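Enquirer: Let me give you the structure first, and then I'll get to my questions.
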Amino acid sequence: YFFHVAMVPGHKNFINNNHRIERSDPLYHQKEWFVHAHKQKWYMQSADGGQYRLVADYIPAAHHTNKDVIIAHGFMNKKESMGAYACLFHQLGYNVLVPDARAHGQSQGRFIGYGYPERLDQRKWAEQLIHKNGSRSRIALFGVSMGGATMMMTSGVHLPKQVKVIIEDCGYTSLNDEIEYEAGYLYHLPAIPRFPLVQMLSLINRFANGFFFSQCSSINALHHNYRPTLFIHGKADHFVPTRMVYQNFRASQGPKELWVVPKAKHAKSFQTEPRAYKQHVKAFLDEYMK
């Protein structure tokens, strides 16, 4: 039961997948822009021997540029849910690539990878951008929630030199930590049943999905990350607890910045402080994407 809840794509009661755009939304205009933006459809075979076909939307910048961004969405979301972020980067002059992660949206896949297999998919997307826009490309990696963790894990693999910076918003420290936390937060399980339950889930996942939970670690990857990284997290995040961002921040080895957004809940930092969010992202990119 718990493996199905955690690892098999489908409706999750604890996730709000209502993507209807409300006029009261502070990001209404950004989301509407994405709906009507002219998008190119990109396709790619997954990095594990081409087992799955993956799909992405590509929106070129208004003016020719060598600056690109890859945007990664969260758990049981899809590329359309990242419209406001796509608009933000497009306004900053970037070519925008927004993929559906494996087992999400239009992309194929049997199980959710929480960033571990997807880290290699992100490298392939970066290689596609370089093939499209040339060797002088300068690529930023950006992700929210599971997407943020995905980009942190991507930082630990050998990447093209064109990948310059990473921005992660409310990503977790590791799948092991997050699953154990959610077992307590959502199901109110005390520590004694939680530990063996998570270990059993990890073993099942190893046979079904190809990796142990302990391998799926942002912290382990960040120990090998020397790229400039901006960490963003909501102060009122109770889904990926705010304490995790401090652990991730300490683990990263390169230039780094941290912004904890007061009163922001999980994945709501942009919605809570839209102007300040854009200013923080722009200042960071201006500093490290010169």
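Enquirer: Which residue out of Ala61, Ala6, Ala47 is in contact with a His (Cβ under 7 Å, 6 or more places away or on another chain) and among the small types (Gly, Ala, Ser)?
Expert: None of the other options fit; the residue is Ala61.
Enquirer: Of all residues in the range 84-106, which are closer than 19 Å to Tyr43 by Cα and free of Cβ contacts under 8 Å to residues at least 60 places away in the same chain?
Expert: Scanning the range 84-106 gives Ala86, Asn95, Val96, Leu97, Val98, Pro99, Asp100, Ala101, Arg102, Gly105, Gln106.
Enquirer: Specify which of the listed residues (Ile71, Ile21) is among the aliphatic types (A, V, I, L, M), free of Cβ contacts under 8 Å to residues at least 24 places away in the same chain, open to solvent by less than 80 Å² (accessible area, probe 1.4 Å) and in contact with a Gly (Cβ under 9 Å, 6 or more places away or on another chain).
Expert: Unique residue meeting the criteria: Ile21.
Enquirer: Related question: Six or more apart or on different chains, Cβ under 6 Å: which pairs go from a residue in the range 178-207 that's under 23 Å from Arg243 (Cα atoms) to one that's buried (at least 17 other Cβ atoms within 10 Å of the Cβ) and small (Gly, Ala, Ser)? Could you list them?
Expert: Leu189/Ala183; Arg194/Ala183
Enquirer: Give me the pairs, please: first residue somewhere in the range 272-290 and under 19 Å from Val144 (Cα atoms), second residue anywhere and part of a helix (DSSP H, G or I) and among the aromatic types (Phe, Trp, Tyr), beta-carbon distance under 6 Å, and either six or more positions apart or on two chains.
Expert: Tyr277/Phe270
Enquirer: Considering only the range 2-33, state which residues are outside any loop (DSSP other than H, G, I, E, B) and under 30 Å from Ala208 (Cβ atoms).
Expert: Those that are outside any loop (DSSP other than H, G, I, E, B) and under 30 Å from Ala208 (Cβ atoms): Phe2, Phe3, His4, Val5, Ala6, Met7.
Enquirer: Output the residues belonging to the range 240-260 that are open to solvent by less than 40 Å² (accessible area, probe 1.4 Å) and either more than 16 Å from Tyr277 (Cβ to Cβ) or over 18 Å from the mean Cα position of the chain (by Cα) (or both).
Expert: Answer for the range 240-260, where residues must be open to solvent by less than 40 Å² (accessible area, probe 1.4 Å) and either more than 16 Å from Tyr277 (Cβ to Cβ) or over 18 Å from the mean Cα position of the chain (by Cα) (or both): Val240, Pro241, Thr242, Met244, Asn248, Ala251, Ser252, Gly254.
The values are calculated or read from the model by the stated rules, or taken from the named source; none is laboratory data. Keep in mind that what you see is a predicted model, and the values were worked out from it rather than measured. Quick reminder, even Gly has a Cβ in these numbers, built from the backbone with ideal geometry, and neighbours come from all protein chains shown. What goes into the accessible areas is simple: the full protein's heavy atoms, side chains included, and nothing from ligands, DNA or RNA. Shrake-Rupley method; radii C 1.70, N 1.55, O 1.52, S 1.80 Å.
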